[in-house]
Amino acid sequence: MNIIEIIQQGVIKGVKHLYEADVNADQINLNNTRKEFEGDYTIVVFPFVKMARKKPEQVGEELGSFLIEEVNEITGFNVIKGFLNLTVSDDYWLGFLENIHNNPSYGQHPSNGKKVMVEFSSPNTNKPLHLGHVRNILLGWSASQILAAAGYEVVKVQIVNDRGIAICKSMLAWLKFGEGATPESTKIKSDHFVGDYYVLFEAKFKEEYNQWQESEAGKTVFQEKSKEEQSEAAFFKAFKNTYFNQYSHLGKEAKEMLIQWEKGDAEVVALWKKMNNWVYEGFEETYIKLGVNFDKLYYESDTYLLGKEVVQKGMEKGLFYQKEDNSVWINLEDAKLDHKLVLRSDGTSVYMTQDIGTAMRRYEDYGVDKMVYVVADEQNYHFQVLFEIMKRLEEPYAEGLHHLSYGMVDLPTGKMKSREGTVVDADDLIEEVVKEATANSKERGAVTDLSNEEQEEIVWNIGLAALKFFIIKVFPKKRMVFNPKESVDMQGQTGPYVQNAYVRVRSVLRKAEEMDLNWSASKSYAKLEPLEKDILAQLFQFPFLIKEAAEDFDPSTIANFCYTLAKTYHRFYHDHSILKAETESAIAFRLKLSQAISNVLKMGMRLLGIEMPERM
């Protein structure tokens, strides 16, 4: 048993012995003792007051005395009002360290026999991956790694949004203005190349719209449709989508291209495949840079018709209803949602219909117990509706559906806009953080004795750690601002700071290999220092935090744990000698402690997709 279970069993026996009452482990509120009080773990005694018919302070004293007598691992206690603070014996912590210090997989849970699918990234094929995608990708990847460490079999998927009017805009712009250019002929990364034509389409459309506003036709529409006292600027800003759908020549051509694609026109489909393949090649390069991969790709061009048959069957069961215009809806008012469209009047599906069918297809493919959708919080309502519909369809995995909702990412300069080409592309962002890491590395000059290739690898790992950690450390639901310069700070709450702690540990362990040491002397280490107990308590928490992060789908739990452990080790390294400690037992103990920290930091950061360098 671990110390938590030992204390829980001791309390159960104590309450039975002292007050002739039965309690179970779930009724015992056990927490880490707050820093300002003496002790390692704190029991809240208020739940036992009624059964004891005594004051909280008296219950704490009696229960503490019982635990001192009956539980060898408890060596001291104090009572603060209704809180019993317990001190764990040094012998327990020494035994704990002996069990874990040489285990690089410490924290990994055994298989729980359950399978979970994590959907993330899911980009459109009309533009390259950008900063918003980066947060999605990093959350999805780290969540999948944490779930695997918690014992799940994990399937990583994405659905590529490879069809629709946005894709046709890029295609049409290339066809009209590309003059046969290719990524190879222009030396432009292939997904950036396609994205440039999406931006070009919007620029040409804006130009067309501005000209139309000045034309007689535009002025006539303004006079007929504008509200009283509404300015032309306000009217035409609101009228933009209507113009695209009803008046625009470019809009008409783009919509016609989409119709031809849906009919299977050979030329349009060939162009679609060519441009999408350019984008896929570019995406793959970026995924490799970020160190992520997928087990399965789903494509909207294959799934956009799914779900229609399900809706038809649902109508027969009374789950859906049809309006006079033949559109099909579902009434979710009893779930505090509203009426939701699932089929248009012309029989075509909407995104909700597709998502219903795609979920069913995925279950057929993999038989998962859970499905996690990593999607920005703009789609919160969509997933509330989807999950409620799946429950009503009585899908076996319906209770295991989860939306890992996250806030948008801004830059210090403000929001990004894809259509205007003001987004920060993922590749440019990676390049910038690596550039910052390179500048910092040159300033320190710590690895100048290594080859250029080794230096480049180290700087790359530092740059990627800066990017990943800065984003993952933020609670997913919070909106955030990404600052490349802050992300590489060696003194802040950053990935490089944690890496630096690991490098420091590894340096100590390498020096120890050159010494003639008696490692077994650690067993006779006399008395733990407060910082040593603090570190051991943090290491003890690691497997529990992995499980917590998996249950909450919150990778920031692991990121912040790694930072806290790194910070504590930096302080320990500063305050206590390791290789020159006063006794052989202290040296051996502190080296084993350092080894355990090394393993946990490496594994913890690996769960975030971050590599740990040996030097930096």
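According to a simple spin-label model (label point 7 Å from Cα along Cα-to-Cβ), what is the distance in nm between Asp428 and Arg606?
3.6
How would Ile6, Ile535, Ile43 line up from fewest to most surrounding beta-carbon atoms within 10 angstrom?
Numbers: Ile6 17, Ile535 25, Ile43 30.
With the fewest neighbours first, Ile6, Ile535, Ile43 line up as Ile6, Ile535, Ile43.
Quote to one decimal, in nm, the extra length available between Gln246 and Glu614 on full extension: 0.36 nm per residue of separation minus the C-alpha distance between them. Before the final figure, lay out each step's value.
Values: separation 368, 0.36 × 368 = 132.48 nm, distance 6.16 nm.
Length gained between Gln246 and Glu614: 126.3 nm.
So how far, in whole Å, is the C-alpha centre of region 35-88 from the one of region 356-414?
44
Take the Cα coordinates of the chain, assign each an equal point scatterer, and use the Debye formula without solvent to give log10 I(q)/I(0) at q = 0.06 Å⁻¹.
Log-scaled intensity ratios, in q order: -0.45.
Pull out the extension gain between Thr220 and Asn331, defined as 0.36 nm times the separation in residues minus the alpha carbon to alpha carbon distance; nm, one decimal. Each step should come with its number before you reach the end.
Values: separation 111, 0.36 × 111 = 39.96 nm, distance 4.16 nm.
Full extension of this stretch gives 35.8 nm more.
Take the Cβ-Cβ distance between Glu232 and Glu378 as r, set R0 to 41 Å, and report the resulting FRET efficiency rounded to the nearest 0.05.
Numbers: r = 30 Å, r/R0 = 0.74.
For Glu232 and Glu378, the calculated efficiency is 0.85.
Of the beta bridges DSSP finds with both residues in the chain, what % are antiparallel, to the nearest 5? Don't skip to the end; give the middle numbers.
Values: 22 of 44 bridges.
Bridges in the chain are about 50 percent antiparallel.
Let me make sure I get this right: for region 308-348, a, b and c are the square roots of the gyration tensor eigenvalues over alpha carbons, sorted descending. Under 1.5 in a/c it's rounded, otherwise prolate if a/b > b/c, else oblate. Which is it?
oblate
Can you compute the charge dipole magnitude of the chain about its Cα centre, using +1 on each Lys and Arg Cβ and -1 on each Asp and Glu Cβ, nothing else charged? Give it in debye, rounded to the nearest 20.
Values: 73 positive and 92 negative charges, 117 e Å.
It works out to roughly 560 debye.
Distance cut-off 24 Å, Cα to Cα: go down the list Lys127/Lys274; Lys240/Lys273; Lys114/Lys602; Lys189/Lys273; Lys289/Lys511; Lys296/Lys317 and report the pairs above it.
Working: Lys127/Lys274 14 Å; Lys240/Lys273 30 Å; Lys114/Lys602 26 Å; Lys189/Lys273 17 Å; Lys289/Lys511 33 Å; Lys296/Lys317 33 Å.
Distance filter (> 24 Å) returns Lys240/Lys273; Lys114/Lys602; Lys289/Lys511; Lys296/Lys317.
For region 3-88, what is the number of Lys pairs with C-alpha distance below 16 angstrom, counting only pairs 8 or more positions apart or on separate chains?
Values: Lys16/Lys50; Lys16/Lys54; Lys50/Lys81; Lys54/Lys81; Lys55/Lys81.
Lysine pairs satisfying the spacing and distance rule in region 3-88 number 5.
What translational D, rounded to a whole number of µm²/s, comes out for region 3-88 from Stokes-Einstein when the hydrodynamic radius is the Kirkwood one over Cα pairs, at 20 °C and 1.002 mPa s?
Details: Rh = 12.4 Å.
In µm²/s, the coefficient is 173.
If you count, for each residue, the other Cβ atoms within 10 Å and average over each peptide, how do 310-320, 18-28 line up from highest to lowest? Walk me through the numbers before you get to the answer.
Values: 310-320: 15.0, 18-28: 13.3.
Listed from highest to lowest mean packing, they are 310-320, 18-28.
With +1 on each Lys and Arg Cβ and -1 on each Asp and Glu Cβ, and nothing else charged, work out how big the dipole of region 426-606 is about its Cα centre, in Debye to the nearest 20.
Rounded to the nearest 20 debye, it is 640 debye.
Measure off 7 Å from each Cα along the Cα-to-Cβ vector at Lys567 and Glu457, then give the distance between these two points in nanometres to one decimal.
3.2
So for the pair Glu309, Asn103, with labels modelled 7 Å out along Cα→Cβ, what separation do we get in nm?
For the pair Glu309/Asn103, the computed spacing is 4.9 nm.
Of Glu378, Glu224, how do they rank once you tally other Cβ atoms within 10 Å and put the fewest first? Please report the intermediate quantities before stating the final value.
Numbers: Glu378 10, Glu224 7.
Listing Glu378, Glu224 from fewest to most nearby Cβ atoms yields Glu224, Glu378.
Please list the helices of the chain that count as membrane-span-like by this rule: a mean Kyte-Doolittle hydropathy of at least 1.0 together with Cα atoms stretching 15 Å or more along the helix axis, each helix being a complete DSSP H run. Numbers along the way, then the final one.
Values: long enough: 3-19 (23 Å, 0.65); 56-70 (21 Å, -0.34); 90-100 (16 Å, -0.15); 131-149 (27 Å, 0.83); 165-177 (17 Å, 1.38); 190-214 (37 Å, -1.04); 249-263 (21 Å, -0.96); 266-290 (36 Å, -0.21); 351-366 (22 Å, -1.16); 380-392 (19 Å, -0.26); 426-444 (27 Å, -0.85); 452-472 (30 Å, 0.44); 495-513 (27 Å, -0.48); 530-552 (31 Å, 0.11); 556-575 (28 Å, -0.43); 584-606 (33 Å, 0.28).
For the chain, where a helix must reach 15 Å along its axis and average at least 1.0, the hits are 165-177.
Let me make sure I get this right: for region 438-506, a, b and c are the square roots of the gyration tensor eigenvalues over alpha carbons, sorted descending. Under 1.5 in a/c it's rounded, otherwise prolate if a/b > b/c, else oblate. Which is it?
Working: a/c = 2.42, a/b = 2.01, b/c = 1.20.
Because a/c hits 1.5 or more and a/b exceeds b/c, region 438-506 counts as prolate.
For Cα pairs less than 8 Å apart in space and 6+ apart in sequence, what is the mean separation divided by the residue count of region 3-88, i.e. the relative contact order in percent? Let's see the in-between values first.
Details: 138 pairs, mean separation 25.8, N = 86.
The value is 30 percent.
Can you sort Ser190, Ser345 so the residue with the fewest Cβ neighbours within 10 Å comes first?
Working: Ser190 22, Ser345 13.
In increasing order of surrounding Cβ atoms, one gets Ser345, Ser190.
At 0.36 nm per residue, and after removing the present C-alpha to C-alpha distance, how many nm does the segment from Thr348 to Asp552 gain when stretched out fully?
Values: separation 204, 0.36 × 204 = 73.44 nm, distance 3.65 nm.
Residue separation times 0.36 nm, minus the Cα-Cα distance, leaves 69.8 nm.
Every read-out reported here was derived from the displayed coordinates using simple, explicitly stated rules and does not represent laboratory data. Keep in mind it's a predicted model, so treat the numbers as computed, not measured. Cβ sites come from the backbone with ideal geometry, for glycine too, and all protein chains shown count toward neighbours.
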